[in-house]
1. Mind checking the dipole of the stretch 126-247: about its Cα centre, +1 per Lys or Arg Cβ, -1 per Asp or Glu Cβ, Debye to the nearest 20?
2. Grab every C-alpha pair in the stretch 12-97, bin the distances at 10 angstrom width from 0 up to the longest one, and report whole percents.
3. What FRET efficiency would be calculated for the residue pair Lys45, Glu110, taking the C-beta separation as r and a Förster radius of 22 Å, to the nearest 0.05?
4. How far, in nm, would the chain grow between Gln191 and Glu121 when pulled straight, counting 0.36 nm per residue and subtracting the alpha carbon separation?
5. Report relative contact order for the stretch 1-78 in percent, whole number only (criteria: Cα-Cα under 8 Å, sequence separation at least 6).
6. Leaving out ligands and nucleic acids, and using a 1.4 Å probe, what accessible area per residue does the chain come to in Å²?
7. Report Rg/Rh for the stretch 87-197, rounded to two decimals, where Rg is the Cα radius of gyration and Rh the Kirkwood radius.
8. Under a 10 Å cutoff between Cα atoms, tell me which one of Pro40, Pro150, Pro125 has the largest fluctuation in the Gaussian network model of the chain.
Amino acid sequence: MIVNAHAHIGESRVFDRKFSEQTLIDGMNKYGIDVSIVQPLIGPKSYREYHDNIADAAARYPGRIVGMTAFSPHIDRDDYFSEVERCVKELGFVGVKLHPFEMAVDPLSEDGKVAFEAAAEFGVPLMVHTGVGSPFAGPAKLIPRAQEFPHLPIIMAHAGLIIYTHEAMIAAEICQNLYLEPSWCSYYLVQKMIEKFGSERVMIGGDHILNYPLEKLKVELLELDEEDHNNVMGETARRVFRLDEQK
């Protein structure tokens, strides 16, 4: 199974980007992706509407699109928990996304902690943007939270995004429940991650679907053995997000 662990449908007012359902599906077909784990961004509409749009896309493409929540925890705690519960239990979403940069939230703040608590409460992994947006997006911010929630799988989106990647690897060395999604990182750094932590802690995502073939090429150039190749290209994400339970 080829899994794109980091994909989007929606629009971002912060990054001035739009990600359409059709562009994602066309890219999945073109690049041989079986499943994309899809999250919204922070746009002008309500987070419920963006989550519903992804659920509708998942219904149109069953087994190919699965959802992940992504919305600011700077709201009432009960409202945040209620929406994560709705998305997981009613819409079949498989994860929660925290974006310290786009959402202006420190993972070590009280509001930031809510995302970790909700993901743990409803039994889904948490993906956290790392890299651009320091200090909130610094990978080291995740060490105390990963230690506080040792049974919660936490995926470091972008794995520090080159400039903070060595910091992300130090965090992953300290905390075994931290995983690496190295979109936008260099080929050399992807190789180092796999060598240091094993392929079972690395998963490929494109972020933007048009970037996916470059991420795929990095893995192909590594000439990994079959097991490691399959892990990085999809099996790690399938296990961490428990995608088999979605069937």
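The values are calculated or read from the model by the stated rules, or taken from the named source; none is laboratory data. If you're wondering where the values come from, they're calculated on a predicted model, not measured in any experiment. Methodologically, a virtual Cβ is constructed for each residue, glycine included, from the backbone with ideal geometry; neighbour enumeration extends over all protein chains shown. Heads up: the accessible areas ignore ligands, DNA and RNA and are worked out on the full protein's heavy atoms, side chains in. Shrake-Rupley method; radii C 1.70, N 1.55, O 1.52, S 1.80 Å.
1. On the way: 11 positive and 17 negative charges, 92 e Å.
Here the stretch 126-247 has a charge dipole of around 440 debye.
2. Once binned at 10 Å, the Cα pair distances of the stretch 12-97 give 17, 49, 28, 5, 0.
3. Values: r = 26 Å, r/R0 = 1.20.
After rounding to 0.05, the efficiency reads 0.25.
4. Details: separation 70, 0.36 × 70 = 25.20 nm, distance 3.39 nm.
Gain on extension, Gln191 to Glu121, equals 21.8 nm.
5. Working: 118 pairs, mean separation 24.7, N = 78.
Dividing the mean separation by the residue count of the stretch 1-78 yields 32 percent.
6. Numbers: 10440 Å² over 247 residues.
Accessible area per residue, the chain: 42 Å².
7. Values: Rg = 13.3 Å, Rh = 13.8 Å.
With Rh from the inverse mean 1/r over Cα pairs, Rg/Rh is 0.96.
8. For the chain, modelled as a Gaussian network with Cα springs under 10 Å, the answer is Pro150.
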